[in-house]
Amino acid sequence: MSVIEEIVEELWSLEIEDLPDNVIKEAAKVLFDNISVSILGYERSEKAKRFASLAYPTENGSIVCGGWWRTPPSMAALVNAFSSHVLEFDDWLEEGLVHAGSAVVPSVLSVGEGRISWKEALLSTIIGYEITARFGKALKGKHNFRWHIAALADP
């Protein structure tokens, strides 16, 4: 079994009930922080609104934070990630010299909206952060020399 397969198997078997309370509370904080920053980023930035205008509206899609209209999940994730960067929301994971929130949270929200429970959203966020931290740690900070961190280590 490859290292990647081992990591996936380990993380796939996680249950929210098995995690420490402080980890769950931190995941909830990250979700709320990122949603708030995405809403404000959209509302305060003409660039974010122009970028969001590239995403076409649809009835059954995922919400654009701050715009309050729906677009396909992949576009909602992209627009919300962009909006979360407007106010420089870069939560830092020292373990891997990466920031995960602006990639993980918009993905969890757009794919999970209306389809998963709050517990599953928290667990998905925790797993996304764990993958990002491990990948960043494996790079040993070398990715910071020439590349923007999010391009390489954030899922």
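The values are calculated or read from the model by the stated rules, or taken from the named source; none is laboratory data. All values derive from a computational prediction rather than experimental measurement. Cβ sites come from the backbone with ideal geometry, for glycine too, and all protein chains shown count toward neighbours.
Identify the residue in the stretch 102-134 that is at pLDDT below 85 and out of contact with any Pro (no Cβ under 8 Å at 6 or more places or on another chain) and, among all such residues, is surrounded by the most Cβ atoms within 10 Å (Cβ to Cβ).
Ser102
Applying the selection to the stretch 4-20, what residues are closer than 19 Å to Ile116 by Cβ and either outside any helix (DSSP H, G or I) or among the aromatic types (Phe, Trp, Tyr) (or both)? Let's see the steps before the verdict.
Going residue by residue through the stretch 4-20, those that are closer than 19 Å to Ile116 by Cβ are 8, 11-19.
If the condition is that a residue be closer than 19 Å to Ile116 by Cβ and either outside any helix (DSSP H, G or I) or among the aromatic types (Phe, Trp, Tyr) (or both), then Trp12, Ser13, Leu14, Glu15, Leu19 are the ones that fit.
From the residues in the stretch 23-54 that are in a helix (DSSP H, G or I) and more than 19 Å from the chain's Cα centre (by Cα), which one is surrounded by the fewest Cβ atoms within 10 Å (Cβ to Cβ)?
Glu46
So which of Ile35, Ile4 is hydrophobic (A, V, I, L, M, F, W, C) and at pLDDT 90 or above? Walk me through how you get there before you give the answer.
Values: Ile4 fails: at pLDDT 90 or above.
Result: Ile35 is the single residue among Ile35, Ile4 that is hydrophobic (A, V, I, L, M, F, W, C) and at pLDDT 90 or above.
I'm told Asp90 meets every condition in (1) touching a His at 6+ places or on another chain (Cβ under 9 Å); (2) assigned to a helix (DSSP H, G or I); (3) modelled with pLDDT under 90 except one. Can you identify the failing condition by its number?
All conditions are met except number (2).
Could you tell me whether the stretch 74-85 includes any residue that is modelled with pLDDT under 95 and exposed (fewer than 15 other Cβ atoms within 10 Å of the Cβ)?
yes
Scanning for something closer than 15 Å to Ile127 by Cα, out of contact with any Leu (no Cβ under 8 Å at 6 or more places or on another chain) and not aromatic (Phe, Trp, Tyr), does the stretch 30-38 turn up at least one residue?
Scanning the stretch 30-38 turns up at least one residue that is closer than 15 Å to Ile127 by Cα, out of contact with any Leu (no Cβ under 8 Å at 6 or more places or on another chain) and not aromatic (Phe, Trp, Tyr).
Could you please find all residues in the stretch 55-79 being in contact (Cβ under 8 Å) with a residue 24 or more places away in the chain and more than 17 Å from the chain's Cα centre (by Cα)?
Ala55, Gly67
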